[in-house]
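The values are calculated or read from the model by the stated rules, or taken from the named source; none is laboratory data. Here the structure is a predicted model, which means the values were calculated and not measured. Cβ placement follows ideal geometry from the backbone for every residue including glycine, while neighbour counts extend to all protein chains displayed.
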């Protein structure tokens, strides 16, 4: 990364493929570099011209003077690789390849890109692109793109995998007066990707907030590690469209079926402190909230409004977020009553009613600036006739300067509030057009605060029998078994301290009866076979067997049913185990994502997994905080906490299981998927027990 700065503040630039023909990309890029105010040396390269736009033209890369720090490529795709070799021989170490026609266009393009990557590696050349719009450094006046529009200087850096999104955001920034430090179109990410650029921008003195639009992640684990370090320094806001199918395998477990690269990306964001935008508008709602420089010190929100309806919408949104409505203290209410109409609401939201003028807002600000119960303010405005929006915006600027708390504006309307929004935005007040988006922006500030405050290093010490687990896994791989029978899966998980209810295998019906008599009724019976992974689907499970006759009959029925479904399967026998009484079913699983590696899943059992898909994921290895967050995140967690008179479940024992599964997955990357389903969790302090286990392995390579 040592040469990354030379992409943005190079002392000299060579434009390979500079053109004298207006409209051609080689002309447009060169012209933009010149007109953008770049003050370094510019060297156009074109074998058929002597001068372009007043600049001396060099007929080949070999003719260039020594010390060029950045080469910008606009030549046709088949000409790029020879010219890359030429700059490599010349000692130029940074290349911005705007040229398209590589991996995005099919097999021939992929072949060209593979050859290009090899040449760049040979000469140690760092590359942005190919197939990109280019880069802009608005602070240092570099426009190495084919768009003439350049955003104003600011403190937000934007990177995008889509060139079209880049151009659209530049246009948006000019309309809304939003400044940027850097604009980076990363294109095909042949070399420098989102992780490389986030790592650079984390230390960029011109950047306070990093914003990005992604369609894929090149290296999930590196992205996660880099983002986690960068988030400790700066806010990172990302929007990711779609999901990647690269490397996905057919899922054979509940966890595998519910997981996906998007779940992995989402987990990576949560654990690394990246704020994920759910809609495109949130990208810059969040970024503008952070760029104000005001940090949340708590989650209590005060609302000042001239309209009741939108404030109710905001209140509803707050209740669904990490924020909460504050209370206005009695002394402050009395001060408000001194000048507000009798019909006003003096509590929270503070509704100064529809005939409010900008001066009524101003007087309310003067009181509420001293309110100790509020950590951040939302100032809401509907454009009524008595109100001057521009005056209100100026009073908001004054209000911001009265204290060090975040102030966010929600200005409803259109044309009549445009000027007011410009005034507020120019003075670093984030102004958003709808209540829901305004609350979400403040919530992003609070979520970042919580992430920074939490201790994610705390762990529970485990002493697993790693030797036993390795012996069982190696044995399965040696015989080519990728789907482990339940007893082997139990053995591996037991080696990591996960407790299972007693299970004994019978190979005859009368043996099953003897085992059931000894264990006590009711019992559960399950087929044991390496080839039968989904036992219930094959009729291989019977529950609630209350006497010897039912057990005897169940044995024959299970065998007949499974043989009919899997006629070639080797059936080792039938496991008999006591049927659990009481408790609540949960599922703990794990899978290996092709980009992000092992990740752990948690959810409540039954319909919550099968129908509602109420589950949460985190990347392994997990901290204690991660495991607790997984449980708190599922919508049905209220059932575990106890509701309507029910006693709470032993949530701490579930945390323990999650952490042990995380440890196992981190120790043995060869495990592809794992399910503990169900795990029965009992009352507080009574622990939990796994009833069934599945493990599948990656084949040897």
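Could you tell me which residue of the range 90-115 is surrounded by the fewest Cβ atoms within 10 Å (Cβ to Cβ), considering only residues that are under 25 Å from residue 213 (Cα atoms) and in contact with a strand residue (DSSP E or B) (Cβ under 8 Å, 6 or more places away or on another chain)? Among those residues, the one meeting the criterion is 94.
Filtered by the rule that a residue be farther than 21 Å from residue 689 by Cα and surrounded by 21 or more Cβ atoms within 10 Å (Cβ to Cβ), the range 623-637 gives a lone residue, 626. The number of residues in the range 419-466 that are free of Cβ contacts under 8 Å to residues at least 12 places away in the same chain and in a helix (DSSP H, G or I) comes to 1.
The set of residues from the range 453-474 being in contact with a helix residue (DSSP H, G or I) (Cβ under 8 Å, 6 or more places away or on another chain) and surrounded by 12 or more Cβ atoms within 10 Å (Cβ to Cβ) comprises 454, 456, 459, 460, 462, 464, 466, 468, 469, 472, 473.
Going through the range 313-336 one residue at a time, which ones are touching a residue at least 24 places away in the same chain (Cβ under 8 Å) and either outside the structural domain of residue 381 (by TED's automatic domain parsing) or in a helix (DSSP H, G or I) (or both)? Spell out the reasoning first.
Going residue by residue through the range 313-336, those that are touching a residue at least 24 places away in the same chain (Cβ under 8 Å) are 313-315, 317-318, 321-329, 332, 335-336.
Listed by number, the residues that qualify are 313, 314, 315, 317, 318, 332, 335, 336.
Counting only strands (runs of 3 or more DSSP E) that sit wholly inside the range 1-101, not one has at least 3 residues that are outside the structural domain of residue 181 (by TED's automatic domain parsing). Residue 653 - would you say it is in a helix (DSSP H, G or I), more than 30 Å from residue 531 (Cβ to Cβ), touching a residue at least 60 places away in the same chain (Cβ under 8 Å) and not assigned by TED's automatic domain parsing to the domain that holds residue 531? For residue 653, the condition - in a helix (DSSP H, G or I), more than 30 Å from residue 531 (Cβ to Cβ), touching a residue at least 60 places away in the same chain (Cβ under 8 Å) and not assigned by TED's automatic domain parsing to the domain that holds residue 531 - is not met.
If you filter the range 1-23 down to residues that are out of contact with any strand residue (DSSP E or B) (no Cβ under 6 Å at 6 or more places or on another chain), surrounded by fewer than 20 Cβ atoms within 10 Å (Cβ to Cβ) and in contact (Cβ under 8 Å) with a residue 24 or more places away in the chain, you find that the one that is nearest to residue 138 (Cα to Cα) is 9. Going residue by residue through the range 386-401, is there one that turns out to be under 33 Å from the mean Cα position of the chain (by Cα) and not in a helix (DSSP H, G or I)? Looking for residues that are under 33 Å from the mean Cα position of the chain (by Cα) and not in a helix (DSSP H, G or I), one finds none in the range 386-401, hence no. Among the residues of the range 553-604, the ones that are touching a helix residue (DSSP H, G or I) at 6+ places or on another chain (Cβ under 7 Å), assigned to a helix (DSSP H, G or I) and crowded, with 16+ Cβ neighbours inside 10 Å come to 3 in all.
Pick from the range 607-621 the residues that are touching a strand residue (DSSP E or B) at 6+ places or on another chain (Cβ under 6 Å) and outside any strand (DSSP E or B): which of them is farthest from residue 543 (Cα to Cα)?
From the range 607-621, those touching a strand residue (DSSP E or B) at 6+ places or on another chain (Cβ under 6 Å) are 609, 614-620; that's our starting set.
Subsequent filtering for residues that are outside any strand (DSSP E or B) retains 609, 614, 620.
Values: 609: 20, 614: 25, 620: 34 Å.
Residue satisfying both the conditions and the ranking: 620.
Report yes if residue 117 is touching a residue at least 60 places away in the same chain (Cβ under 8 Å), farther than 22 Å from residue 146 by Cβ and not in a loop (DSSP other than H, G, I, E, B), otherwise no. Answer is yes for this residue. Taken together, 353, 304, 318 contain a single residue that is within 22 Å of residue 393 (Cα to Cα) and surrounded by 20 or more Cβ atoms within 10 Å (Cβ to Cβ), which is 304.
In the set (1) in a loop (DSSP other than H, G, I, E, B); (2) free of Cβ contacts under 8 Å to residues at least 60 places away in the same chain; (3) over 24 Å from residue 445 (Cβ atoms); (4) touching a strand residue (DSSP E or B) at 6+ places or on another chain (Cβ under 7 Å), residue 151 fails one condition alone, (3). When residue 521 is tested against the conditions (1) closer than 24 Å to residue 488 by Cβ; (2) in a loop (DSSP other than H, G, I, E, B); (3) free of Cβ contacts under 8 Å to residues at least 60 places away in the same chain, the lone failure is (1). Report yes if some residue within the range 200-210 is under 26 Å from residue 425 (Cα atoms), out of contact with any helix residue (DSSP H, G or I) (no Cβ under 6 Å at 6 or more places or on another chain) and part of a strand (DSSP E or B); otherwise report no. Among the residues of the range 200-210, not one is under 26 Å from residue 425 (Cα atoms), out of contact with any helix residue (DSSP H, G or I) (no Cβ under 6 Å at 6 or more places or on another chain) and part of a strand (DSSP E or B), which makes the answer no.
Yes or no: residue 165 assigned to a helix (DSSP H, G or I), over 21 Å from residue 11 (Cα atoms), touching a strand residue (DSSP E or B) at 6+ places or on another chain (Cβ under 7 Å) and in contact (Cβ under 8 Å) with a residue 40 or more places away in the chain? Give the steps one after another, and end with the answer.
On the way: assigned to a helix (DSSP H, G or I): yes; over 21 Å from residue 11 (Cα atoms): yes; touching a strand residue (DSSP E or B) at 6+ places or on another chain (Cβ under 7 Å): yes; in contact (Cβ under 8 Å) with a residue 40 or more places away in the chain: yes.
Answer is yes for this residue.
A count restricted to the range 173-187 and to residues that are surrounded by fewer than 24 Cβ atoms within 10 Å (Cβ to Cβ) and in contact with a helix residue (DSSP H, G or I) (Cβ under 6 Å, 6 or more places away or on another chain) stands at 1. Among the residues in the range 677-685, are any within 27 Å of residue 486 (Cα to Cα), surrounded by fewer than 19 Cβ atoms within 10 Å (Cβ to Cβ) and either in contact with a strand residue (DSSP E or B) (Cβ under 7 Å, 6 or more places away or on another chain) or modelled with pLDDT under 90 (or both)? Yes, the range 677-685 contains at least one residue that is within 27 Å of residue 486 (Cα to Cα), surrounded by fewer than 19 Cβ atoms within 10 Å (Cβ to Cβ) and either in contact with a strand residue (DSSP E or B) (Cβ under 7 Å, 6 or more places away or on another chain) or modelled with pLDDT under 90 (or both). Scanning the range 65-80 for residues that are closer than 13 Å to residue 13 by Cα and surrounded by fewer than 21 Cβ atoms within 10 Å (Cβ to Cβ), we see that the one that is farthest from the chain's Cα centre (by Cα) is 65.
With 170, 156 as the choices, which residue is part of a strand (DSSP E or B) and either outside the structural domain of residue 429 (by TED's automatic domain parsing) or surrounded by fewer than 20 Cβ atoms within 10 Å (Cβ to Cβ) (or both)?
Numbers: 170 fails: part of a strand (DSSP E or B).
Exactly one residue qualifies, and that residue is 156.
Evaluation of residue 516 against the conditions (1) under 29 Å from residue 696 (Cβ atoms); (2) buried (at least 18 other Cβ atoms within 10 Å of the Cβ); (3) touching a residue at least 40 places away in the same chain (Cβ under 8 Å) shows that the sole unmet condition is (1).
Restricting the range 638-653 to residues that are within 24 Å of residue 693 (Cβ to Cβ) and out of contact with any helix residue (DSSP H, G or I) (no Cβ under 6 Å at 6 or more places or on another chain), the residue that is surrounded by the fewest Cβ atoms within 10 Å (Cβ to Cβ) is 652.
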